[in-house]
Amino acid sequence: MKTSFTYNEIHQQPAMWRKEHEALLQERDKIRAFMHKYLTPDADIVLTGAGTSAFIGDAIEPVMRGIWTNVRAVPTTDLITHASYLLDSERPLLLISFARSGNSPESLGAVNIANRLCKHIAHVYITCNKNGQLAQQAAGKENILLLQLPEQTDDKSLAMTSSFSTMLLTCLMLGHINCLEQDAEKIEKSVQNAEYILAHYEEALRQIGERPFERGVFLGSGALKGIAEECHLKLQELTDGAVVCKFDSFLGFRHGPKAVVNNRSIVVYLMTNEENVLRYERDLVQQVDGNNKPVAQVIVFAGESDNMPRIHADLTVKMPFGKAETDGYGIVPYVLVGQLLGFYASLAHGLNPDAPSVSGNIHRVVEGVTIYE
């Protein structure tokens with residue numbers, strides 16, 4: 001098991017986050033100069049990627065709106081087909097692309113389409129592969145900022161784990177580049193929370209991952225909804241679809257999707273500690289606990305536990321080092337819960353977590369996509 005790429009890539013995340021923080025501190029002057037030049041008040045900022053890389057934008061858009069007013073998350077898979085509707089050709093564009101390999105046809109295609117469509121454009125490439133096509137095309141381009149992540153984050157497994165979390169953290173740090181030194185303590189708390197999950201909850205998550213369930217539900221509010229989106233994919237793809245998963249917000253889940261919860265499902269609640277939001281989350285948790293009987297319920301939260309709902313949770317994952325801060329750093333460790341559940345459920349289904357797709361339906365770098373002119 002410990003020879004598995006997936007296992008090691010999940011466990012290396014705290015070290016990768018510390019390493020990336022140090023790397024951005026070293027480059028902060030160059031980054032600040034680039035952002036000062038291209039992040040103009042009228043610029044449209046688009047966070048883009050495909051699949052898991054797109055979920056990075058979904059997770060951090062609510063946070064980044066507190067820093068960059070005109071920011072939005074748009075998957076490359078939408079830009080390819082509807083760029084003329086989604087991009088304003090007359091308005092300056094800062095396109096922030098997330099890419100593990102940098103070789104995805106959608107990643108490259110979206111960049112090319114945006115370059116043709118927009119008169120004033122600059123790019124930030126956040127990528128894990130220095131040899132990828134995206135990284136290679138950045139050489140010598142004044143309007144491209146390449147943020148090259150540690151080589152180890154170029155996950156060899158099919159499932160993105162350390163690549164997702166480190167790219168997400170990198171963009172959060174990019175947004176806070178002017179105060180990155182002062183944010184060191186907040187970033188370190190997120191690292192410590194991840195280390196705490198691995199040290200104290202991995203065995204319990206293994207036991208839940210081995211239970212006989214066919215459905216998985218992950219719920220989160222605000223930025224944590226984007227983390228729930230990534231968690232749902234991890235469990236689904238690592239079990240090759242044997243476990244079909246959903247994600248939603250706590251309030252949105254009531255409006256129909258709650259019908260999926262039965263005695264063959266697990267429900268994972270990624271809970272905030274913002275009291276005005278938490279009261280809605282508590283109500284939903286207590287309703288599911290009273291009306292439905294899932295195979296397992298897992299509550300995940302950071303900070304104080306006084307306001308958590310009083311239900312019989314099969315597992316309560318408590319992260320003691322800081323909260324799910326509104327600056328976003330605190331949301332990053334939550335993803336480990338979905339990763340570990342996916343990894344151990346994959347093993348329980350007799351699959352190889354590094355290459356779980358027995359059918360061959362999914363690949364590490366997407367195949368079969370033609371980008372048309």
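Data table
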{"quantity": "Cα convex hull volume per residue for region 5-182 (Å³)", "calculated": "106 Å³"}
{"quantity": "Lys, Arg +1 and Asp, Glu -1 on Cβ, resulting dipole of region 209-344 about Cα centre, debye, nearest 20", "calculated": "420 debye"}
{"quantity": "Selection of GluC sites (Glu not before Pro), region 239-319, meeting DSSP coil and at most 11 other Cβ within 10 Å", "calculated": "304"}
{"quantity": "Sites residue 85 and residue 203, calculated FRET efficiency, Cβ-Cβ separation with R0 51 Å, nearest 0.05", "calculated": "0.55"}
{"quantity": "From the coordinates shown, mean projected area of the Cα convex hull in nm² corresponds to which of [x] 17.6; [y] 18.9; [z] 20.6", "calculated": "[x]"}
{"quantity": "The chain: calculated mean residue ellipticity at 222 nm from DSSP helix runs of at least 4, using -39500 (n - 2.57)", "calculated": "-13500 deg cm²/dmol"}
{"quantity": "Per DSSP, loop trypsin sites (Lys or Arg not before Pro) in region 41-127 with at most 14 further Cβ within 10 Å", "calculated": "65, 119"}
{"quantity": "Amide N proximity, region 131-168 versus residue 30 label position 7 Å along Cα-to-Cβ, cut-off under 16 Å", "calculated": "131, 135-151"}
{"quantity": "Estimated FRET transfer efficiency when R0 is 25 angstrom, pair residue 136-residue 156 (beta carbons, to 0.05)", "calculated": "0.80"}
{"quantity": "Coil-residue GluC sites (Glu not before Pro) of region 1-92, DSSP, other Cβ within 10 Å capped at 11", "calculated": "90"}
{"quantity": "Gained length - residue 287 relative to residue 262, 0.36 nm times residue gap less alpha-carbon distance", "calculated": "7.7 nm"}
{"quantity": "Nearby lysines by direct alpha-carbon distance to residue 318 (threshold 26 angstrom, same-chain neighbours under 8 apart not counted)", "calculated": "2, 19, 186, 189, 225, 234, 246, 258, 293"}
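Since every read-out is calculated from the coordinates, none of them should be taken as a lab result. Keep in mind that this is a model prediction, so the values were computed, not measured. Counting neighbours? That spans all protein chains shown, and the Cβs are built from the backbone with ideal geometry, glycine included.
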